[in-house]
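Peer 1: I'd like to ask some things about the structure below.
The values are calculated or read from the model by the stated rules, or taken from the named source; none is laboratory data. Only a predicted model underlies this, so the values are computations on that prediction, with no experimental measurement involved. Neighbour counts are summed over all protein chains in view; Cβ atoms, including those assigned to glycine, are modelled from backbone coordinates with ideal geometry. Ligands, DNA and RNA are excluded from the accessible area calculation, which covers all protein heavy atoms including side chains. Shrake-Rupley method; radii C 1.70, N 1.55, O 1.52, S 1.80 Å.
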Amino acid sequence: MIDYRTVYTICPFCGTGCGILLEVMNGRLEGVLPCKTNPVNQGKLCIKGWSAHEFVHSPDRLKKPLVRKDGRLEEVEWDEALSFIASRLKAITQAYGPDSFGAFSSAKCTTEENYLLQKFTRAVIGTNNIDHCARL
Amino acid sequence: MTNSVEELEDAACILIIGSNTTVAHPIIATRIFRAREKGAKIIVVDPRKTHIASYADLYLAEKSGTDVAVINGLLHIIIKEGWYDKEFVEKRTEGFAVLKTFIEEYTPARVSEITGIPEVQLRQAAEMFAKAKQSSIVYCMGITQHTVGVDNVLSLANLSMATGHIGKWASGVNPLRGQNNVQGSTDMAAIPNVLPGYQSLADDAVIAKFETAWGVTLPRKPGLTIMEMMDAIGTGGIRALYVMGENPMVSDPDIQHVKKALESLELLIVQDIFPTETVALAHVVLPGVTFAEKDGTFVSTDRRVQRIRKAIEPIGEARPDWQIICDVAHAMGAPDFDYASPSEVFDEIASLVPLFAGISYDRIAENGIQWPCRTKEAPSTVFMHKDTFSKGLGTFKPVAYKAPAELPDEEYPFILITGRDAFHYHTGSMTRRSKSLTGQINRCYVQIHPADAKKLRIKAGQLTRLRSRRGAIEVEARITPIVQSGSVFVPFHFAETAANVLTNPALDPVVKIPEFKICAVKLEKVA
Amino acid sequence: MDRLREGIRDALTEGPVAGVMGLILDGGHPRPHLFTKGRIEDLDRLVVGEARYPLAAVLLKVLRNDLDAHLGIVARGCDERAILELVRNVQLNGERVVVFGVACSSEQASACQCPQPYPSSHLSGERVAPVSDSEGLDRLDRLSEEERLQYWMDQFGKCIKCYGCRNICPMCFCTTCTLDEDDLIQTGTIPPEKPIFHLIRAFHMAERCIDCGLCEAACPSGIPLRTLYKKMRNVVTTRFGFTPGITKEGKGPLQYLGDGKFGEQEGH
Ligand code: SF4
Ligand code: SF4
Ligand code: SF4
């Protein structure tokens, strides 16, 4: 069965915020069309926007959590990675206080994700040590 | 941006300073082209003759790092000639008298001496900008990535207030954000000194609101910036670091220092989509997803909150980043991280952040909304500061010109400018995995002025070594008059020859932005 | 509109057609969409004429993934012209493509400056007269050769090398593109090498361009690309009596090249 649809979203690169349509065929991204009705870009894109689907299916994508064991990063299940983090984080912040933790958030992630990471940093750990690369 | 992208097209004069717009924000650049076709005057101030500079009515080739002097020089002429907006200054601002006295000494002759811009061009620019019906300023990292970044921004505010070119359609001060959601990250207080929506850590009512909502006692002491955290790692202040979607091993200045710091951490958690240079140093790695595999919002450079939508399922066992943070919080035993979807997270944001209070996923289903939007009925704020500034009157804050932190000397005779290439983005982890983009260019280069190349007998395409006090890289030479003689330019997207091996971590004292745009280097051909 | 919907519904439910390419209105934005039998309710949101996307190119993309598929397309005049040329250029099998025609209104025709704002038959709309626009061309023809060159060089200089003109063009069906060849055009520069980047594309469109204007609408730099390609199109029409998208029968003049008919004399 053939399946072709387009999904309206926003370009992941610069801060202009151009509207794009992702072309999805059978669960894979096949291309990008410029959204003609987005008021910012009005059907136009730069080369980065036109290629915004290309890195998504890169074979290099990280597909499983990794934990360093004997100096090497090894694939583990989510539960193991999460409990490893929890026990190490608790041990460090209990021994040295919340200000021994820091978080680098990301200008490439969503607004909600940035909100959640700062909430985690401030409310769960208890420090204001959070920043992102706006300066960089 | 105080204005919207659309408005630029209607400006009568656009002053572009420290923005290689065609390369970094192409679709905004093309609005500027359209403005020009409708008769707008375009002024470009930049140490490099960028693509957009070649289409400018007036190109001011400044010496690197002299922006404050340029702007003060323009203000001097504008005030002397009486071209400033007397009514606006009187009704909407304070501190004009101080500014007026202060910029006395920035005479065209002196400014020309500092900046290298001929006096006559300074006069032309001052007149064009001040007298146009609507003038807009457009700037980018070329303004902020300096030890005097804040001074640069303040001086632009002075210019726009003195000329009354702010708070109107097509008139304002417009910083272009480099990355898709810099605006949103900052709005959400992924910064150490405020709470979401720029609410003060010092305000008891604000703290009480957040403490009630989150059910915790909040720390009041401002935290550390990225650069300060890097230093604090070395001294044992920071022992655990959670890096989400960032690659400081390419993006931060003085990479060798960064590497040492990251290696000395007791716990480095990295959440990313690709095995980056930073992932290689992690103790634990969490696979996040791309923009195409999750829902959420991005806030673009003109404060526009727009939705992104999940188009495909996550690859492998990767999880949406919002979900991972909740998973980590749960693992830590935190009770309050149960969200069924990003839309619920957004509703919490709207309930705590007045600037976003009127926005919801439903309202932005079709087109975005530009904040501030304080009620469910309020429309987008197309341009800001219409009748009043956020603090009432706008205050002139005069700033003095200061030289960059590291200037060329005998040993390191060239100024190095870093910036973007048109075909790549940030640390390249995404764009260098895109064949259309790597097909254009996939190697670092250095732009060298023909006169300098001739002197050093460097030919186009030749491997050239750049050395600063912090490190060295070897890259291919591109001979081009885009750069001034005495300056070289290197794009920063290429991890294997990272420009930030060379850059100076000297910071702006207020906002701690490193001086990426200027450091001193030595240039030699590789035998 | 009802006749169009019914026609598509019948073809999907009873006919051999597996899917129909058209526009769906969703969340306020019309978007290309493949209407299928499995989600027949989508048809309620089918729209025509709200925005123009290269539907023929999208159709081709889907067919390349599924060579045996039998598909339909909701086609305005320009879409049908594109289908005609894609069939002529052996990219599409005409027998596997069903056209559901839509005639454009006179406002649409004049907004697009459309040389043929209707397909050969239509289920929706009324035929209106073509709008022929030669103003841009005439203005340039009046300039001296030097002024004209200067004009185009200035225009090409604005190009940000987004490849939008190529990417959106329904007639850019090649799977490898000369515009990507680094031994012909230097890669990695903005603007791209002048004037070769734009002239190569213009030459390649000479017997293909169906004058839909999608390229110009997608060009962020506002370069009057359609005028450039019109010039080429006019040359082909005058010299060979062939107009892409309009001439119904026979091959395009350049398609003879591979046959050896002209080739031998030219020493190939
Ligand atoms: S298409 Fe280009 S200009 Fe538009 S947001 Fe993406 S990177 Fe920026
Ligand atoms: S007008 Fe442009 S997009 Fe349309 S067929 Fe011709 S070249 Fe292609
Ligand atoms: S669409 Fe315009 S800017 Fe983009 S490559 Fe084509 S001519 Fe250049």
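Peer 1: Hey, could you get me the Stokes-Einstein D for region C:2-112, Kirkwood radius over alpha-carbon pairs, 37 °C and 0.692 mPa s, rounded to whole µm² s⁻¹?
Peer 2: Taking Rh from Cα pairs, D becomes 232 µm²/s.
Peer 1: Per residue of region B:25-34, in order, report the coupling 6.51 cos²θ - 1.76 cosθ + 1.60 (Karplus, θ = phi - 60°) as ³J(HN,Hα) in whole Hz, putting x for Gly and Pro.
Peer 2: 9, x, 6, 6, 4, 6, 5, 5, 4, 5
Peer 1: For region B:263-314, what is the convex hull volume of its Cα atoms per residue in Å³? Display every interim value, and only then the final one.
Peer 2: Details: hull volume 5.7 nm³, N = 52.
Hull volume over Cα atoms, normalised by residue count, gives 109 Å³.
Peer 1: Also, quick follow-up: Thinking of region B:16-99 as a set of Cα atoms, what percent of all their pairs are more than 17 Å apart? Numbers along the way, then the final one.
Peer 2: Numbers: 2013 of 3486 pairs.
That tail contains 58 percent of the Cα-Cα pairs.
Peer 1: Please report the equivalent ellipsoid semi-axes of region C:173-234, computed as sqrt(5 x eigenvalue) of the Cα gyration tensor, largest first, in whole Å. If you can, show how the numbers build up before the last one.
Peer 2: Values: eigenvalues 79, 40, 23 Å².
Output for region C:173-234: semi-axes of 20, 14, 11 Å.
Peer 1: Tell me, what is the percent relative contact order of region B:23-175, built from C-alpha pairs under 8 Å that lie six or more residues apart?
Peer 2: Details: 185 pairs, mean separation 36.8, N = 153.
Relative contact order, region B:23-175: 24 percent.
Peer 1: Something else: For the protein assembly as shown, build the convex hull from the C-alpha positions and give me its volume per residue in Å³. The partial results should precede the final answer.
Peer 2: Details: hull volume 176.9 nm³, N = 931.
Hull volume normalised by residue count: 190 Å³.
Peer 1: Okay, moving on. Ignoring ligands, DNA and RNA, please state the percent of accessible area on chain C from carbon and sulfur, probe 1.4 Å. Walk me through the numbers on the way to the answer.
Peer 2: On the way: 6200 of 12410 Å².
For chain C, the apolar C and S fraction of the accessible surface comes to 50 percent.
Peer 1: Given R₀ = 41 Å, FRET efficiency for C:ASN65-B:ASP362 by Cβ-Cβ distance, to 0.05?
Peer 2: Working: r = 35 Å, r/R0 = 0.85.
Efficiency, rounded to the nearest 0.05: 0.70.
Peer 1: Based on DSSP, what percent of beta bridges with both residues in the protein assembly as shown are antiparallel, to the nearest 5? Spell out each step's value before the answer.
Peer 2: Numbers: 55 of 107 bridges.
Here the antiparallel bridges make up roughly 50 percent for the protein assembly as shown.
Peer 1: What lysines sit close enough to C:LYS231 to cross-link, taking a C-alpha to C-alpha distance under 19 Å and skipping anything fewer than 8 places away on the same chain?
Peer 2: C:LYS194
Peer 1: In angstroms, what radius of gyration and Dmax does region C:27-78 have, counting Cα atoms only?
Peer 2: Cα only, region C:27-78: 11.7, 34 Å (Rg, Dmax).
Peer 1: Work out the P(r) tail for region B:425-498: percent of alpha carbon pairs separated by more than 21 Å, whole number. All intermediate terms of the calculation are to be shown ahead of the outcome.
Peer 2: Working: 835 of 2701 pairs.
The proportion of pairs with Cα distances above 21 Å equals 31 percent.
Peer 1: For chain C, what ratio Rg/Rh do Cα atoms give with a Kirkwood hydrodynamic radius? Let's see the in-between values first.
Peer 2: On the way: Rg = 19.6 Å, Rh = 19.9 Å.
Expressed as Rg/Rh, it is 0.98.
Peer 1: Same structure, new question: For peptide C:63-71, compute the average count of partner chain beta-carbon atoms within 10 Å of each residue's beta-carbon.
Peer 2: Working: counts 1, 2, 7, 5, 0, 0, 2, 0, 2.
The mean count of partner-chain Cβ atoms within 10 Å per residue comes to 2.
Peer 1: With each run of n ≥ 4 DSSP H residues scored as -39500 (n - 2.57), what mean residue ellipticity at 222 nm is computed for chain A after dividing by its residue count and rounding to the nearest 500 deg cm²/dmol?
Peer 2: Working: 3 runs with 32 residues, N = 136.
The helix-only estimate for chain A comes to -7000 deg cm²/dmol at 222 nm.
Peer 1: Here's something else I'd like to know. If the viscosity is 0.692 mPa s and the temperature 37 °C, what Stokes-Einstein diffusion coefficient in µm²/s follows for region A:4-50 when Rh is the Kirkwood radius over Cα pairs?
Peer 2: Working: Rh = 10.6 Å.
My calculation gives 310 µm²/s for D.
Peer 1: Positive end of the charge dipole of region C:2-112 (Lys, Arg +1 and Asp, Glu -1 on Cβ, about the Cα centre): tell me which of C:GLN91, C:CYS104, C:ILE73 has its Cα farthest that way.
Peer 2: Ranked along the dipole, the leading option is C:GLN91.
Peer 1: Further question: When you look at the Cβ of every residue in B:363-370, what mean number of other chain Cβ atoms sits within 10 Å?
Peer 2: Working: counts 0, 0, 5, 7, 8, 6, 0, 0.
Across the residues of B:363-370, the mean count of other-chain Cβ atoms within 10 Å is 3.
Peer 1: Measure off 7 Å from each Cα along the Cα-to-Cβ vector at B:ARG457 and B:ARG469, then give the distance between these two points in nanometres to one decimal.
Peer 2: So the label points at B:ARG457 and B:ARG469 sit 3.1 nm apart.
Peer 1: Roughly how large is the A-B contact in terms of buried accessible area, totalled over both chains, probe 1.4 Å, nearest 100 Å²?
Peer 2: Between A and B, the summed buried area is about 10400 Å².
Peer 1: Divide, for region C:120-268, the radius of gyration over alpha carbons by 2.2 N^0.38 Å, where N is the residue count.
Peer 2: Details: Rg = 17.0 Å, N = 149, 2.2 N^0.38 = 14.7 Å.
Ratio of Cα Rg to 2.2 N^0.38 Å: 1.16.
Peer 1: Which residues' amide hydrogens lie under 5 Å from the amide hydrogen of A:VAL32, considering only partners 5 or more residues apart or on another chain, with H built in the peptide plane?
Peer 2: Amide H to amide H, under 5 Å and 5 or more residues apart or across chains, A:VAL32 pairs with A:GLU23.
Peer 1: Specify the angular offset, from 0 to 90 degrees and rounded to the nearest 10, of the alpha carbon long axis of helix C:225-240 from the longest principal axis of the alpha carbons in chain C.
Peer 2: 80 degrees
Peer 1: Additional query: So if I restrict to the alpha-carbon atoms in region B:5-176, what is the Rg, and what is Dmax, the biggest pairwise distance, in Å?
Peer 2: Answer for region B:5-176, Rg first and Dmax second: 14.6, 40 Å.
Peer 1: Which of the peptides C:108-119, B:247-258, B:297-308, C:88-99 is most tightly packed, and how do the rest follow, judged by the mean count of other Cβ atoms within 10 Å per residue?
Peer 2: B:297-308, B:247-258, C:108-119, C:88-99
Peer 1: For region B:182-370, what number results from the quotient of the Cα radius of gyration and 2.2 N^0.38 Å? Write out the running numbers ahead of the final one.
Peer 2: Working: Rg = 17.6 Å, N = 189, 2.2 N^0.38 = 16.1 Å.
So region B:182-370 has a normalised radius of gyration of 1.09.
Peer 1: I would also like to ask the following. Taking only protein heavy atoms and a 1.4 Å probe, what accessible area per residue, in Å², does region C:135-255 have with all protein chains in place? Show your work: numbers first, answer last.
Peer 2: Values: 5600 Å² over 121 residues.
Accessible area per residue: 46 Å².
Peer 1: Using the heavy atoms of the protein chains alone and a 1.4 angstrom probe, what is the accessible area of region A:1-99 per residue in square angstrom? Intermediate values should be presented prior to the final figure.
Peer 2: Values: 3550 Å² over 99 residues.
Heavy-atom accessible area per residue stands at 36 Å².
Peer 1: Antiparallel versus total DSSP beta bridges in region C:3-74: what percent is that, nearest 5? Let's see the in-between values first.
Peer 2: On the way: 10 of 13 bridges.
Approximately 75 percent, going by the DSSP bridge assignments.
Peer 1: To continue, here is another question. Name the shape class, rounded, prolate or oblate, that the alpha-carbon gyration tensor gives for region A:29-136, where a ≥ b ≥ c are the square roots of its eigenvalues, rounded holds for a/c under 1.5, and otherwise prolate holds if a/b is larger than b/c and oblate otherwise.
Peer 2: Numbers: a/c = 3.26, a/b = 1.66, b/c = 1.97.
Oblate.
Peer 1: What does DSSP give for chain B in terms of the percent of beta bridges that are antiparallel, rounded to the nearest 5?
Peer 2: On the way: 26 of 63 bridges.
Of those bridges, close to 40 percent are antiparallel.
Peer 1: Please list the non-local residues whose amide H lies under 5 Å from the amide H of C:GLY101, H modeled 1.01 Å from N, same-chain partners needing a gap of 5 or more.
Peer 2: C:ALA75, C:LEU123
Peer 1: Take every residue in peptide B:416-426, count the Cβ atoms of other chains within 10 Å of its Cβ, and give the average of those counts.
Peer 2: Values: counts 0, 0, 0, 0, 1, 2, 9, 9, 3, 6, 6.
For this peptide, the per-residue mean of nearby foreign Cβ atoms is 3.
Peer 1: Can you give me the Kirkwood hydrodynamic radius for region B:361-486, using every pair of distinct Cα atoms, in Å to one decimal?
Peer 2: Working: mean 1/r = 0.0502 Å⁻¹.
Across region B:361-486, the inverse of the average 1/r is 19.9 Å.
Peer 1: Take every Cα-Cα pair in region B:287-349 and report what % of them are more than 15 Å apart. Intermediate results must be reported in sequence, preceding the final value.
Peer 2: Values: 1117 of 1953 pairs.
Every Cα pair in region B:287-349 considered, those over 15 Å come to 57 percent.
Peer 1: Related question: Excluding ligands, DNA and RNA, what is the solvent-accessible area per residue of region B:273-360 at a probe of 1.4 Å, expressed in Å²?
Peer 2: Details: 2300 Å² over 88 residues.
On a per-residue basis, region B:273-360 sits at 26 Å².
Peer 1: Assign one of three labels to region C:70-205, namely rounded, prolate or oblate, based on the Cα gyration tensor with a ≥ b ≥ c the square roots of its eigenvalues; rounded applies when a/c is under 1.5, prolate when it is not and a/b is larger than b/c, and oblate otherwise.
Peer 2: The shape class here is oblate.
Peer 1: Also, quick follow-up: What span do the alpha-carbon atoms of chain B cover on each of the three principal axes, reported in whole Å from largest to smallest?
Peer 2: So the three principal-axis extents are 66, 64, 43 Å.
Peer 1: What pairs from B:LYS63/C:LYS161; B:LYS294/C:LYS161; C:LYS61/C:LYS158; A:LYS64/A:LYS90; B:LYS41/B:LYS86 go past 26 Å between their alpha carbons?
Peer 2: Numbers: B:LYS63/C:LYS161 29 Å; B:LYS294/C:LYS161 30 Å; C:LYS61/C:LYS158 30 Å; A:LYS64/A:LYS90 23 Å; B:LYS41/B:LYS86 23 Å.
Going by Cα-Cα distance, B:LYS63/C:LYS161; B:LYS294/C:LYS161; C:LYS61/C:LYS158 fall outside the 26 Å limit.
Peer 1: Percent relative contact order of chain B, based on C-alpha pairs within less than 8 angstrom and at least six residues apart?
Peer 2: Numbers: 1066 pairs, mean separation 88.0, N = 527.
This gives 17 percent for chain B.
Peer 1: Here's another thing I want to ask about it. For region B:95-211, what is the Kirkwood hydrodynamic radius in Å, using each pair of distinct C-alpha atoms?
Peer 2: Values: mean 1/r = 0.0582 Å⁻¹.
Radius from the Kirkwood sum: 17.2 Å.
Peer 1: Using each residue's phi in region B:244-249, evaluate 6.51 cos²θ - 1.76 cosθ + 1.60 at θ = phi - 60° and report the 3J(HN,Hα) Karplus result to the nearest Hz, with x for Gly and Pro.
Peer 2: Per residue, the Karplus-derived 3J(HN,Hα) values read 10, x, 10, 9, x, 5 Hz.
Peer 1: How much of the accessible area of region B:182-370, probe 1.4 Å, is carbon plus sulfur, in whole percent?
Peer 2: Working: 2930 of 5750 Å².
Heavy-atom surface of region B:182-370 belonging to carbon and sulfur, 1.4 Å probe: 51 percent.
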